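Asker: The following block contains the structure, expressed as structure tokens.
Nothing in this text is a laboratory measurement; each read-out follows from the coordinates by a stated rule. The structure presented is a predicted model; accordingly, all values stated were derived computationally and were not measured. Neighbour counts are summed over all protein chains in view; Cβ atoms, including those assigned to glycine, are modelled from backbone coordinates with ideal geometry.
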Amino acid sequence: MAERKKRLELTWIGKEERPRLEPRILLETTSLSYHAAKRATEHDSFENLLIHGDNLLALKALEQQFTGKIKCIYIDPPYNTGSAFEHYDDGLEHSLWLSLMRDRLELLRLLLTEDGVLFSSIDDSEVAYLTILLDEVFGRKNGCGQFVWEKKKKPSFLNASMGVVTEYVLAYAKDRTKSPPFIGGLTTAGKKYPLNNAGNGVKVLTFPSGAVVFRCVDQVFEPQDMSEGKIVTRLLDRLEVRDGRNVGIFRLEGEWRYSQSRVDEIIAEGETLVISKSPFRPNHVKDGGEPKKLKNLLSVAHYEMSTYEDATAESIALFGDAAFDYPKPEKLISTLIDAVTNPGDWVLDSFAGSGTTGAVAHKMGRRWIMVELGEHCLTHVLPRLKQVIDGADPGGVTEATGWRGGGGFRCYRLAPSLLEKDKWGNWIVSRAYHPEMLAEAMCKLEGFHYAPEPEVFWNHGRSTENDFIYVTTQNLSREQLRFISDQVGRERTLLICCSAFRAKKDEFPNLTVRKIPQAVLSACEWGRDDYSLNVEQLPPVQVVEEAKVEARMNAGANGEATSRKSEGRRKKGHAVQDLPLFAGLGNGEGHR
Ligand SMILES: C[S@@+](CC[C@H](N)C(=O)[O-])C[C@H]1O[C@@H](n2cnc3c(N)ncnc32)[C@H](O)[C@@H]1O
């Protein structure tokens, strides 16, 4: 029997289950949207989006408009430290985390531009799993490497066999053949690069008259062997140095780093070639200001990188007593954004936390999208971004970026599910939908771009130049359909989504008529708002374990510690019972 084809992959409980996500529309909460009172520069950006809601549905909602548009994604997902999973067995815990991450990563990948890059922070506990998961979602060949971030100056010995001072940032390109090298600053002016490179094979380089700067006194050099030790250099021509330059053309034989064409290029670009003394050891002196590749060690010593200690200080400066637990420092995020983007590019963070990515992207002149499920979207992210826009946040990378304020953002929430069940259990269009919302939602579901034309009642959007959509709750008669068909004409086609119609299906060749909601019933999963897995939805083992915990508390054992922990969660608005599990992990709980 032929062996079934096997592939190298990570498996986990529930890997095959995939949500059939409803592409929701986004509703603007205009009272929360914000912009500066006046334009600060020509490049101010006002298109930025802050979405308060679950990121899986939010990413699905962004799919139509932002597929292929995002240059850089940074995520800092809950690290699966065990705090919210403490009542589950390890296999299930990892499986849930992997499924939650996989579903989100797949959507994130779609949103990236062809040369776009995703960065994900992660700690020791899941770095190996996340790497394999990212290999699976992005393709192993698109892995760009792993940054080690020095997260603390002093190690923490809690829950570890060694003092942990690092975390990681994994980097994956949508297509590594198209993504740029990661840039970390510019070369300094005056840096010398020797032309001699022992072992490179002997070649002759020719230097035109005046091409080389001589730092020795003006004189005449006769042809001679200037080799010493392993360095081979022979002057093949008589050479006169006058006013610090070679008067005529001359040749040097040696083992060179550069080819003749590279030397010609250097001379043509006006860069400097220098010989300081005899024996000749020519150097290429760079003007500086060229981009340098980023090293994979983001540490205090290498880039004066900021740590959690610095990030906590930034958060206290912003929020005082309500400082966010374990935010990322602005410098870490700006280093990553700077590595792969230019001003005006889109940057996205779907685990916004306290809003560091948006704040940094804004200060760097990038456009941004952030998604955050927790209440801190309103209590932390929103006021932080307002401060940035007002130029009233002097912390983080404000000085380094020269940020003075300006721009704005729109605040959105997810629309409820388009369909709901009536009292007989039949799917109907949700009562929360008014006609404009219905038209926009149907456009999204059917793959049309929503752009209603007020003059043409039947034009709610288009999929191509000549293909349009009309959404109505009316029951359309044959006469009405004929009238619309005549208006659409022979050169165009129209999809009509209506409550009911009276005509044969193919009666009008330029019209396709469908009933709502029947036409979309099987398109996706309806009425599901929570893809973060509620604690209550998990298997009954929880009930047993909770009962055990309660019994221990009642008996006094561990009581103080347990109640202090839940107290902490309440303080952050993270009561375990009413927050989805994925979000409950988000605020660190003292594990980072
Ligand atoms: C570790 S924090 C991010 C911290 C952030 N990098 C900062 O500097 O402030 C992770 C965040 O992800 C959020 N989160 C978790 N699950 C989510 C979900 N399903 N949708 C949206 N946000 C979620 C949590 O509420 C938490 O704020």
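Asker: Counting DSSP beta bridges in the range 192-285, what percent are antiparallel, to the nearest 5? Mind dumping the intermediate values first?
Answerer: Values: 25 of 28 bridges.
That works out to approximately 90 percent antiparallel.
Asker: Another question, if that's okay. Is the shape of the range 205-251 rounded, prolate or oblate, going by the alpha carbon gyration tensor and its root eigenvalues a ≥ b ≥ c, with a/c under 1.5 for rounded and a/b larger than b/c for prolate?
Answerer: prolate
Asker: In nm, to one decimal, how far is the modelled label at LYS292 from the one at GLN219, with both set 7 Å along Cα→Cβ?
Answerer: Each label point is offset 7 Å from its Cα along the Cβ direction, giving 3.6 nm.
Asker: What ranking do 478-488, 53-63 get when scored by the average of other Cβ atoms within 10 Å per residue, highest first?
Answerer: My ranking of the peptides, most packed first, is 53-63, 478-488.
Asker: Between LYS152 and GLU28, what length in nm is gained on full extension when 0.36 nm per residue of separation is reduced by their alpha carbon distance? Please list the in-between numbers first.
Answerer: Details: separation 124, 0.36 × 124 = 44.64 nm, distance 3.93 nm.
The span from LYS152 to GLU28 would gain 40.7 nm if fully extended.
Asker: Follow-up. Of the DSSP beta bridges with both residues in the chain, give the percent that are antiparallel, rounding to the nearest 5.
Answerer: 60 percent
Asker: What are the residues whose amide H is under 5 Å from the amide H of ARG24, where those residues sit 5 or more places off or on another chain and H is modelled from the backbone?
Answerer: The list, which skips near neighbours in sequence, is ALA61.
Asker: How compact is the range 419-520 by the rule of thumb for globular proteins, expressed as Cα Rg over 2.2 N^0.38 Å?
Answerer: 1.06
Asker: Which value in nm describes the separation of the simple spin-label points at SER227 and GLU265, placed 7 Å from the Cα toward the beta carbon?
Answerer: According to this spin-label approximation, the distance is 2.9 nm.
Asker: Enumerate the lysines that LYS6 could reach by cross-link, defined here as Cα to Cα under 18 Å, with residues fewer than 8 away along the same chain left out.
Answerer: Cα-Cα hits under 18 Å: LYS15.
Asker: Just the number, please: Stokes-Einstein D of the range 347-500 in µm²/s, Kirkwood Rh from C-alpha pairs, 20 °C, 1.002 mPa s.
Answerer: In µm²/s, the coefficient is 112.
Asker: What does the convex hull of the Cα atoms of the chain come to per residue, in Å³, rounded to a whole number? Provide the component values of the computation, followed by the final result.
Answerer: Working: hull volume 166.5 nm³, N = 592.
Looking at the chain, the number lands at 281 Å³ per residue.
Asker: If you project the alpha carbons of the range 246-289 onto their three principal axes, what span does each projection cover, largest first, in Å?
Answerer: Between the extreme Cα coordinates on each principal axis of the range 246-289 lie 30, 23, 21 Å.
Asker: Counting residues in the range 103-203 as N, plug N into 2.2 N^0.38 Å and put the Cα Rg over that result.
Answerer: Working: Rg = 19.0 Å, N = 101, 2.2 N^0.38 = 12.7 Å.
Rounded to two decimals, the normalised Rg is 1.50.
Asker: For the peptides 194-201, 108-115, 236-243, what is the packing order when you average, over each peptide's residues, the other Cβ atoms within 10 Å and list the highest mean first?
Answerer: Going by the mean number of other Cβ atoms within 10 Å, highest first, we get 108-115, 236-243, 194-201.
Asker: Follow-up question, since we're still on this one. Given Cα pairs under 8 Å that are at least 6 residues apart, what percent is the relative contact order of the chain? Could you put the intermediate results ahead of the total?
Answerer: Numbers: 1128 pairs, mean separation 108.5, N = 592.
The normalised contact order for the chain reaches 18 percent.
Asker: Using a Cα-Cα cut-off of under 19 Å, which lysines could be cross-linked to LYS421, ignoring same-chain neighbours fewer than 8 residues away?
Answerer: LYS515
Asker: Another question, if that's okay. If you bin the C-alpha pair distances of the range 192-285 every 5 Å from 0, what whole percents do you get?
Answerer: 3, 14, 27, 29, 19, 7, 1
Asker: Ranked highest first by the average count of other Cβ atoms within 10 Å around their residues, in what order do 244-254, 64-74, 518-528 fall?
Answerer: 64-74, 244-254, 518-528
Asker: Can I ask one more? Pull up the DSSP beta bridges for the range 419-520 and report the antiparallel fraction as a percent, rounded to 5. Write down the numbers at each step before the final one.
Answerer: On the way: 8 of 20 bridges.
Beta bridges within the range 419-520, antiparallel portion: roughly 40 percent.
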